[in-house]
Amino acid sequence: AQSVTQLDSQVPVFEEAPVELRCNYSSSVSVYLFWYVQYPNQGLQLLLKYLSGSTLVKGINGFEAEFNKSQTSFHLRKPSVHISDTAEYFCAVISGGYQKVTFGTGTKLQVIP
Amino acid sequence: DTGVSQDPRHKITKRGQNVTFRCDPISEHNRLYWYRQTLGQGPEFLTYFQNEAQLEKSRLLSDRFSAERPKGSFSTLEIQRTEQGDSAMYLCASSDRGGGNEQFFGPGTRLTVL
């Protein structure tokens, strides 16, 4: 079975400060990992994904994430946040032969001016 | 192509009524997924189609729920005898390959059961 844990339900951060949103996954087989962003009353948009290869993955809007197999983590980072980054961020995993995506419970990023 | 579309965007209904939602995937995508998202939670998988075949269903999909994709293009999700616990955002996604390929999400249908 696959599962995702996002430990922080809310993360407040000042504008132009760095941010890290934490994600840990559980799976007994190889995984594909994703970060999605959801703005209010909208669907989900893919920020970045890890399928294989380099463990540092760069995505849209200046975000990046690092896959750490030994720690089963896939934390999302941005060196300098903007007001427009205020949204909810979901970590997700696909493992084995499954087609379904398993999502974490989400982290609300609140950027403070 | 403008992406995955869902209709309606909002639906308010009374308990016990039936509702039907529609999803139009990106045209060349053969895989289609339905998810449910309740307040404060991440989306939860409901069901998955490859072309017209429904290949996987979650235990969340009770016998009041049925999904179809008759011609391998658009899909419908019907909820019969709605309950207040069915109130949620229903998300549709599509992809052109399984596994690690990106699933593109629609804007969702927000259902409120009074």
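The values are calculated or read from the model by the stated rules, or taken from the named source; none is laboratory data. It should be emphasised that the depicted structure is a prediction, and the values quoted were computed from it without experimental measurement. No Cβ is skipped: glycine too gets one built from the backbone with ideal geometry, and neighbour counts run over all protein chains shown.
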B:GLN6: of a type in the set (S, T, N, Q), within 10 Å of the chain's Cα centre (by Cα) and in a strand (DSSP E or B), yes or no?
yes
Among (1) surrounded by fewer than 17 Cβ atoms within 10 Å (Cβ to Cβ); (2) under 27 Å from B:ALA53 (Cα atoms), there is one condition A:ILE94 misses while meeting the rest; what is its number?
(1)
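Looking at B:LYS14, B:LYS71, can you tell me which residue is free of Cβ contacts under 8 Å to residues at least 60 places away in the same chain, more than 14 Å from chain A (Cβ to nearest Cβ) and at negative phi?
On the way: B:LYS14 fails: free of Cβ contacts under 8 Å to residues at least 60 places away in the same chain.
Criteria check complete, one pass: B:LYS71.
Looking at segment A:1-100, what strands (runs of 3 or more DSSP E) fall wholly within it and have at least 1 residues that are closer than 23 Å to A:PRO113 by Cβ and in contact (Cβ under 8 Å) with a residue 40 or more places away in the chain? Show your work before the answer.
Values: elements: A:3-5, A:10-14, A:19-21, A:24-26, A:31-38, A:44-50, A:56-58, A:64-68, A:73-78, A:87-95.
Where strands (runs of 3 or more DSSP E) fall fully within segment A:1-100 and carry at least 1 residues being closer than 23 Å to A:PRO113 by Cβ and in contact (Cβ under 8 Å) with a residue 40 or more places away in the chain, they are A:10-14, A:19-21, A:31-38, A:44-50, A:73-78, A:87-95.
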How many residues are within 11 Å of another protein chain (Cβ to nearest Cβ) and of a type in the set (S, T, N, Q) when one looks only at segment B:53-68?
1
If we ask which residues in segment A:69-82 are loosely packed, with under 12 Cβ neighbours inside 10 Å and at pLDDT below 95, their number turns out to be 3
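Take segment A:10-51 and flag every residue that is among the small types (Gly, Ala, Ser) and modelled with pLDDT under 95. Quick ask: steps written out before the conclusion?
Narrowing segment A:10-51 to residues among the small types (Gly, Ala, Ser): A:17, A:26-28, A:30, A:43.
Residues satisfying the conditions are A:SER26, A:SER27, A:SER28, A:SER30, A:GLY43.
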When B:THR109 is evaluated against the numbered criteria (1) touching a Phe, Trp or Tyr at 6+ places or on another chain (Cβ under 6 Å); (2) closer than 15 Å to B:SER27 by Cβ, which criterion, by number, is the only one it fails?
(2)
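When the residues of segment B:40-52 are filtered to those that are touching a residue at least 12 places away in the same chain (Cβ under 8 Å) and within 12 Å of chain A (Cβ to nearest Cβ), which remaining residue is surrounded by the most Cβ atoms within 10 Å (Cβ to Cβ)? Reasoning before the result, please.
Of the residues in segment B:40-52, the ones touching a residue at least 12 places away in the same chain (Cβ under 8 Å) are B:43-52.
Filter once more, so that each one left must be within 12 Å of chain A (Cβ to nearest Cβ): B:43-50.
Working: B:PRO43: 28, B:GLU44: 18, B:PHE45: 21, B:LEU46: 22, B:THR47: 22, B:TYR48: 26, B:PHE49: 23, B:GLN50: 16.
Looking at the filtered set, the residue picked out is B:PRO43.
Tell me, which strands (runs of 3 or more DSSP E) lie completely within segment B:19-114 with 2 or more residues that are closer than 14 Å to A:PHE103 by Cβ? Let's see the steps before the verdict.
Working: elements: B:19-24, B:31-37, B:44-50, B:53-57, B:65-68, B:75-79, B:88-95, B:109-113.
In segment B:19-114, the matching strands (runs of 3 or more DSSP E) lie at B:31-37, B:44-50, B:88-95.
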